[in-house]
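One structure below.
The values are calculated or read from the model by the stated rules, or taken from the named source; none is laboratory data. In this text, all values refer to a predicted model and were calculated from it rather than measured experimentally. Every residue, glycine among them, receives a Cβ derived from its backbone with ideal geometry; neighbour counts consider all protein chains shown.
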Amino acid sequence: MSDRKQIALIGGDGVGREVVAVGRRVLEALARARGLPIELTDYDLGADRFLRDGVSFPEDVARALRERTDAVLLGALGDPRVPDMRHARDILFGLRFGLDLFANVRPVVCLHDRLMPLAGRTARDCRFVVFRENTEGAYVGAGGRIRQGTPDEIAITEIVQTRRGVERIVRAAFDYARARGLRRVHLADKHNAMPHAHGLWRDTFAEVARDYPDVGAEHMFMDALMCRVVLDPGAFEVIVTSNLLGDLLTDLGAALQGGMGMAASANLHPGRVSMFEPVHGSAPDLAGRDLANPFATVLSVGMMLTYLGWPDEEARLVGLVREGIELGRCTPDVGGSLGTRAVGDWLVEQLACA
């Protein structure tokens, strides 16, 4: 592979294509203005290709992403024309499980007081990050249904946790805290109700914490922690949790940021190709209407640039998004009047002047 960083772009479905188009323009503007050595490649994956060719996540694409790519920017997946969403599962799980992206990292950061929904709180009170285990737990698809459609139907979903899987996400959370001089990591689980699967989390967390004496380690049950997040988000810096519980917590966190249009994420396997995506979904009702908020994508691009070795560029993009909110150069969901493309125009103009 050359010294240039290879970035794959997957628009996917719905508004995903629109926001990734803005992400592409931002990356191109940074490459011009800052001389970033990047190369962008678009991949045709999503409902359109599935309906046209019957192809969801072909092996040649999977191989290219594994072997010739440094990072992936994914827009969104989901289309009502594919009711069972099989293409979305194939693509998303093909990326997540195929690349072993075990750490879903979700910053919960409010960038402007106007976006903070809690009375008596400001944007400064909401600045934490969630490390969600991304390849195990309740989402591995273990289980089944029998006697379907009868009064005696039985449905079983099994939670699968391994010591290796739990330990590596817990260590990733502690490593993150230590690298940034943060004071504590919280484990959120439900080992009182699920003593086997979440007992493994409790025990592993306690053992790993001993290797990080400079970082505090605290435990809370997830229901109590979510109540505390709503009352006092500033009480948290780093939270590590399981796949299902992390899914719920981070969506609550998005409400503290100004909604899903402000929520960025990274799906990481440190040292390997990793994936970055906004978490708002494909929003079919907004598709083609130039209404989708591209800021979550821009913030995800920022996370990608830090991962690739350019943290100053992430800081630059976060500052621009904050300025866009302040000046109203944003979409209506966060108090502006611009469309998706116009927000992209403004961002590119600002980057050209930087």
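Observations on the model:
- Number of positions in segment 270-296 that are farther than 18 Å from ARG17 by Cβ, surrounded by 18 or more Cβ atoms within 10 Å (Cβ to Cβ) and not aliphatic (A, V, I, L, M): 1
- The one condition in (1) within 21 Å of ASN104 (Cβ to Cβ); (2) touching a residue at least 40 places away in the same chain (Cβ under 8 Å) that ASP251 fails to fulfil: (2)
- Residue, surrounded by the fewest Cβ atoms within 10 Å (Cβ to Cβ), within segment 55-72, restricted to residues that are part of a helix (DSSP H, G or I) and touching a strand residue (DSSP E or B) at 6+ places or on another chain (Cβ under 7 Å): ARG68
- Candidates VAL321, VAL334, VAL301, filtered to the one that is at pLDDT 95 or above and more than 22 Å from GLY11 (Cα to Cα): VAL334
- Top-ranked residue of segment 213-227 - restricted to ones that are within 26 Å of the chain's Cα centre (by Cα) and over 17 Å from ARG132 (Cα atoms), ranked as surrounded by the fewest Cβ atoms within 10 Å (Cβ to Cβ): ALA224
- For THR157, the test of being surrounded by 13 or more Cβ atoms within 10 Å (Cβ to Cβ) and of a type in the set (Ser, Thr, Tyr) is passed.
- Test: residue in segment 1-20 that is outside any helix (DSSP H, G or I), of a type in the set (Ser, Thr, Tyr) and either closer than 22 Å to SER265 by Cα or modelled with pLDDT of 95 or more (or both): no
- Residue check for HIS112: more than 18 Å from the chain's Cα centre (by Cα) and either buried (at least 21 other Cβ atoms within 10 Å of the Cβ) or among the hydrophobic types (A, V, I, L, M, F, W, C) (or both): no
- Any strands (runs of 3 or more DSSP E) falling wholly within segment 104-219 and containing at least 3 residues that are closer than 30 Å to MET260 by Cβ: 127-133, 184-189
- Tally, over segment 317-339, of residues that are in contact (Cβ under 8 Å) with a residue 40 or more places away in the chain, within 23 Å of LEU305 (Cβ to Cβ) and in contact with a Leu (Cβ under 8 Å, 6 or more places away or on another chain): 7
- Qualifying residue in segment 230-251 (condition: within 30 Å of VAL348 (Cα to Cα) and surrounded by fewer than 19 Cβ atoms within 10 Å (Cβ to Cβ)): yes
- Filtering segment 220-247 to residues that are under 16 Å from VAL166 (Cα atoms), among the aliphatic types (A, V, I, L, M) and in a helix (DSSP H, G or I) leaves LEU244, LEU245.
- Qualifying residue in segment 190-212 (condition: buried (at least 20 other Cβ atoms within 10 Å of the Cβ), more than 25 Å from VAL109 (Cβ to Cβ) and in contact with a Ser or Thr (Cβ under 6 Å, 6 or more places away or on another chain)): no
- Sole residue being within 30 Å of LEU27 (Cβ to Cβ) and not small (Gly, Ala, Ser), chosen from LEU231, LEU268, LEU200: LEU268
- Selection count where residues are closer than 17 Å to ALA177 by Cβ and more than 12 Å from the chain's Cα centre (by Cα), scope segment 234-248: 8
- Among the candidates ARG32, ARG52, ARG25, ARG81, the residue that is buried (at least 16 other Cβ atoms within 10 Å of the Cβ), modelled with pLDDT of 95 or more and not β-branched (Val, Ile, Thr) is uniquely ARG25.
- Selection of segment 73-97 for residues being in contact with a helix residue (DSSP H, G or I) (Cβ under 8 Å, 6 or more places away or on another chain), farther than 20 Å from MET260 by Cα and in contact (Cβ under 8 Å) with a residue 40 or more places away in the chain yields HIS87, LEU95.
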